[in-house]
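Note sheet for the following structure.
The values are calculated or read from the model by the stated rules, or taken from the named source; none is laboratory data. Treat the numbers as computed from the prediction; the structure is a model and nothing was measured. Neighbour counts run over all protein chains shown; Cβ positions are idealised from the backbone, glycine included. Only protein heavy atoms, including side chains, enter the accessible area calculation; ligands, DNA and RNA are left aside. Shrake-Rupley method; radii C 1.70, N 1.55, O 1.52, S 1.80 Å.
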Amino acid sequence: MAKTKTKRKGETLTLDQVKTLGNELLSSRAHVNNLPVLLSLLSPSSPLDLALESLISLQSFFTPIIPEIPSSFAARSKSLASEEDFDGAESVYKLWLRSRFDEFVNSLIEITVSPLSIEALRDVSLDAIMEFVKLGKEGKFQSAIYHRFIQNIIQATSSVDTLLELMTSKYFKYIDVCYFTYTSIDKIAQRYESASMSDIGGMSLQNNGEMSQSRVDVAAHVIFKILSHIPPLDSEAAYAMLCQFGLSSKKSRRSSKVLVTTEDSPKLEEANEEATSLGHLTKKIKLKFTKAWLSFLKLPLPLDVYKEVLVTLHQNVMPYMANPAILCDFLTRSYDIGGVISVMALSGLFVLMTQHGLEYPKFYEKLYALLTPAIFMAKHRAKFFQLLDTCLKSAYLPAYLAAAFAKKLSRLSLSVPPSGALIIIAIIHNLLRRHPSINFLVHQMVNDESNKDESLNSTEPSESSSISYATQGVDLFNSEETDPAKSGAMRSSLWEIDTLRHHYCPAVSRFVASLENDLTVRAKTTEVTVGDFSSGSYSTIFQQEIRRRVKQVPLAFYKVNPTSLFCESDFPGWTFGKQETGHKENEAINPIEEDGQKTIKRQRVECC
C-alpha cells in the first residue's frame, strides 16, 4: 500500500488517474486516504488540468461535510473527545479531516496569491475560498478563513493588483465582505504597528530591524491598495450580502422571524425593521471603516504612500468616516512638516476647519510660509491655489493679512514662469476686489501716513525713517519674514505687478491690464476663477497663443541689417555689440583688433 501511495504522489499521475482518485473519494469513505494524494497536486507549479481536477474533487468532498468538521479552536483543544455523540475513533477522524481541510484552504490561498498561478486556476481557487467563507455554520460569515486569506495577501511580496481587481469585480460589492475586510485590516495593521517597534508576534521574518521595516513598507503598500479598491459606502443603495444572515445578530434574526409570523400590519413592521437594520448596518460599517483607516495611518508609511493618502483623504475617506474630526492629529502633523506634504495635507485640513469646526492656530502663518517659487512647479499646485483662493475669501480676514498675501505673491511674480504669473494676477485680482481696504497697495504715496500698519510693533522702522527709505526707492516689505504681521506689507506697494505690463509673454501682459480697473466697484467687476489658470504651463500658454486670432500682424522692417539684438537708443548708456557708426573710437579700435587677430593667427601657425 505504501508503494501505491508513493507512486500516486509522484509526477507520473495522468488526468484519468486523478479523476479516478476523485471519484473514489466521493463514492466511499474507505478511499479517504486519497485526500493527501489530491492535496499534493494543488500548487501553483502543478499542471493546470491536474490542479483543476484535484481542486474540484476536493471541493466537492469538503462542501457537504463542513458543518460536521470541528472548528480550528476545537481541534486544537480536542473538545470533541468528551462529546457523547462520537466515540474516540470518530473524533480522531474528524480532527484529521479538520487538518486536511486547513491544508486544502492553505493551498487555495497559496494558488490565489502566487504570481506563478495561471489566471483560470486563480479564479477557481478564489471562488472556492469564498464558497467556504459563505458556508459557515448557521449561515454566518467564516471570518477565520477570510482573515487568513487577507493576511496572506498583505504579506505577499509580489504584485497583487490582478487579484484585487478580481476581488473588486466579484466580492467587494457585498457589504459583509467589505465589513470583514476592514476588520481584518484593522487587526493586521495593529500587529504591524507593533512589529515596526519590535520584532514580536512572529510578524518579522528576520531579527534584522531593517528587514522588519521593509516588511512594514510592503504591507503598507498592499493595505492601501486594498482600501482603495473597496468601493465607498453608499447609504442610499441596497446592501447585498454574500452570506445568508450577513452581519445581522441573533437578536435581529429573532425579530425577523417574529415579523414573518405577525399578522397585524406585517408590511409596516417589516418596513420599520428594515429601516432600523439598515441604519444599524450603516453605523457598523462606518465604525469598522474608521478603525481600519486609523490603524493604517498609524503605520510608518513610505513617502509615496503618504502622498497618495493625503491626496485622496478628503474625497475618498473623510466623507464616509463615523467622525472625520478624529483625523485632525494626522493632518496637523502632516501640515507642520512643510513643503509638498503640507500642500497635500491642506485639502483635508480645510475640510475639517470648514465642515467640522476644527480650530487650527497659526493656520495662515503656515499657509503664508508655503508661498515659495517651488510651489509653482509642484505636481498638485492646481488644487493648492484653488484652496489658497478659497482660504482668502472670508470678509473677516484682517487687512494686514490680505496685504501680506498680496505682496508676497506680487514679489513671487518676478521669479515664476508665465503660468505662475497668471495665477498670481488672478489671486491678487480677487483679493483687491474682496478687500477694498488694501487697494492703496496699487498706488502707495510716500507721504500717505494713513496707510501705515498701526498693528505693527515698535521694533519696525519709524514713520520718518520709512518715508526716507521710500524716497530712496527701498521697499519696506521683508520677503524673508515668515510672520505676515511683521512682513511690512502695509508700508509697501504692488510695484512688481506694474512690471508685468512689460512681460515678455503676451498672455501675462494682457491679463495684468485687468487690474487697472477700479475693483472697489463690485457691481461692475467679477471674481476671476483661479481654477482656469492653476493648471497652466508653457505648453498650454503656447497652444492658446497659436489658436488666438491676430488682427494686426507685427512686421519687422530694417533699412540696414541689424548687428545686435537691441539698439543703443533703447537703453541709453549701454552698448550691444559692434556698431559701425563711423566714430573715431571705432576707427581707433579696429586696427588694434586687426593686429590682435594677426597675432593670434601667427601664434597658431607657430604652434603647429
Within segment 93-113, restricting attention to residues that are aliphatic (A, V, I, L, M) and farther than 22 Å from residue 48 by Cα, which residue is least open to solvent (accessible area, probe 1.4 Å)? 97
Please state which one of 385, 376, 440 is without any contact (Cβ under 8 Å) to a residue 60 or more places away in the chain and open to solvent by less than 10 Å² (accessible area, probe 1.4 Å). 376
Considering only residues that are open to solvent by 30 Å² or more (accessible area, probe 1.4 Å), of a type outside the set (Lys, Arg) and part of a helix (DSSP H, G or I), look in segment 515-530 and name the one that is farthest from residue 376 (Cα to Cα). 523
Please list, ordered by first then second residue, the pairs with beta carbon atoms under 7 Å, 6 or more apart or interchain, first in segment 349-373 and farther than 14 Å from residue 480 by Cα, second open to solvent by 50 Å² or more (accessible area, probe 1.4 Å) and in a loop (DSSP other than H, G, I, E, B). none
Among (1) within 17 Å of residue 242 (Cβ to Cβ); (2) free of Cβ contacts under 8 Å to residues at least 60 places away in the same chain; (3) open to solvent by 60 Å² or more (accessible area, probe 1.4 Å), residue 159 falls short only on (1)
Selection count where residues are surrounded by fewer than 18 Cβ atoms within 10 Å (Cβ to Cβ) and among the β-branched types (Val, Ile, Thr), scope segment 162-182: 2
